[in-house]
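The values are calculated or read from the model by the stated rules, or taken from the named source; none is laboratory data. This one's a predicted model, so the numbers in the text were calculated from it and none came from an experiment. Virtual Cβ from ideal backbone geometry, glycine too; neighbours counted across all protein chains shown. In case anyone asks, the SASA skips ligands and DNA or RNA and just uses the protein heavy atoms, side chains included. Shrake-Rupley method; radii C 1.70, N 1.55, O 1.52, S 1.80 Å.
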Amino acid sequence: MDEVIQVTQWLSSITPRKKAKLFFFTTHADAPSPMVGSNDVDTHEETQLPLATTVALHNFKNIDEFLKKKVNTFSCYNVIENEITKTDYEYLRFYSACKYLDVVPPFLDLEKISAIQNKFEMTDEERDYRLLLDSADLVLEKVCDSLKPAGVSQMWTALRKDRNLIRGVKTIDIIGFFVDPNPTGIKECLFFFIVRFLQKADKINRVNTNRLERLIAQCDESSSCEEGKTIDFIIDSLRFYPTELYPFGFCLIMCVIEGRDGAMQEIEKTMEISRHLGMITHTEKNPTKETIELVKKELMKPKYQFYSSFTCWFMSHGDSNSMVLADGETIEREWFLTSFPDISTFQLKPKVFFMVSCRGANKFSLKGDEFEGQSATCDYYDIGSALIRNRMLDITDSVRDISYVQPMMDTLVAYSTILDHLSGRANTHGSIYVDRACVLMSEDISRGRSLTEILEHLSQDLHEILQETMDEDRIVYKQACHYDSFFRKTLKLPYTRHPKEDVHSAPQ
């Protein structure tokens, strides 16, 4: 069959709502860089004009033409070995969006997709189409689905009132002030136009969504929300780090085994919990400084742009400032923590570090006859008051910026113990902190809970446990853990869990 006819038949089989979503996912706002052809970025017109004309004219002609152009580009595209191009990235995004929406063209060349995945050096686990979807776009899709056409129309009216923001933007004028978003698919096109416009204007990104939240907050709840949804519910969904679908993120486990009883148990537990939570995991046993540098270099590869989060477990001996590596050398803990968050592939994404080592020799000792012989160290928008609001500073958009970000932002560092104190271990089971953390994160009660909430529960749980030193003094003591957070959103643990047998059976 002629390819033109095939493309026409494929487009005619897609509903207007899915066309709007396919366009949205395909014109992803944050393409990875550096990359061959990255200077040839999507222009303002390419990402917004088709949406604007669709809303204004109530037909999908320009979106159809955009999708035809994409299909034709991919059809003629020759995959070049050892060189990742902008088209490679777009091809993967397009395929994953089609797969997600269940509109994969029957004529799409899957061998090319496999060849592109080879260029990205993707493992079998990483070839799951869900990895290629942008989790921030999936959250925005859910926000759109939670709003009625009237709600999106109210957002549009509120946006049009910000004259400083819209001044001189031609696509805004194409749509006009009054919009009828009721025809099928038009609501989605208008909402996605608003989102892409705010992204291009550097008003929102995957972390900074305040400007979008303010537009939603101005909607009338009775007429703007779909059944069962509220304005608060919709805004709350934007206040979590976007980690939709599988995988939850990438997990790096580094563990010094030499001279650390139970270290293999630590590796097994952290691997099991990371996979249970839906992470793709890599383990480095007995790391050295050279190992760490190689891992950092690996994490800068383009494929890691697709991950939604980064988690690192580092388990070793240590003191107040440093950690002991497998070869006996030490590294400064601060150097380790500040070097990883600066990796560009994980910018604007949550980064969690579990630092499991002693930070000194002090211990919170418990004295008294009742503690002798007792120990677990064994083998077992809207400010409510206008008066208050009127007293606050008027922070205008002109003094706000989301373009430049301190490297440590969106990072959380969880320590197994407080400064200058011991981190307890069991004889064969390794770190008690690791054990309790993995138990708490695996329980059903942790589904959908925030990570910081779990860490607070961990702090309570760990501090109840009586431990005992392994020297001749046999001192009974308690351990206190804590965390430092630079998070700007809440990181929720996934509700869906992945049993061992399901980890490698995800859809391709």
Positions within the range 188-212 being of a type in the set (Asp, Glu) and modelled with pLDDT under 95, in sequence order: Asp202
Which of the residues that make up the range 409-435 are within 12 Å of Met315 (Cα to Cα), modelled with pLDDT under 90 and surrounded by fewer than 22 Cβ atoms within 10 Å (Cβ to Cβ)? none
Would you pick out the residues in the range 104-129 that are over 17 Å from Glu83 (Cα atoms) and either touching a helix residue (DSSP H, G or I) at 6+ places or on another chain (Cβ under 6 Å) or open to solvent by less than 10 Å² (accessible area, probe 1.4 Å) (or both)? Val104, Pro105, Phe107, Glu126, Arg127, Asp128, Tyr129
Of the residues in the range 398-427, those that are under 28 Å from the mean Cα position of the chain (by Cα) and acidic (Asp, Glu) come to Asp401, Asp410
From the set of residues in the range 216-252 that are surrounded by 21 or more Cβ atoms within 10 Å (Cβ to Cβ) and over 18 Å from the mean Cα position of the chain (by Cα), which is nearest to Phe487 (Cα to Cα)? Ile234
May I ask you to list the residues in the range 148-184 that are under 28 Å from the mean Cα position of the chain (by Cα) and farther than 21 Å from Lys203 by Cα? Lys148
Please specify each residue of the range 191-202 satisfying the condition of being under 20 Å from the mean Cα position of the chain (by Cα) and surrounded by fewer than 19 Cβ atoms within 10 Å (Cβ to Cβ). Asp202
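Of everything in the range 139-190, what is in a helix (DSSP H, G or I) and of a type in the set (Gly, Ala, Ser)? Give them in sequence order.
Within the range 139-190, Ser146, Ala150, Gly151, Ser153, Ala158 meet the criteria.
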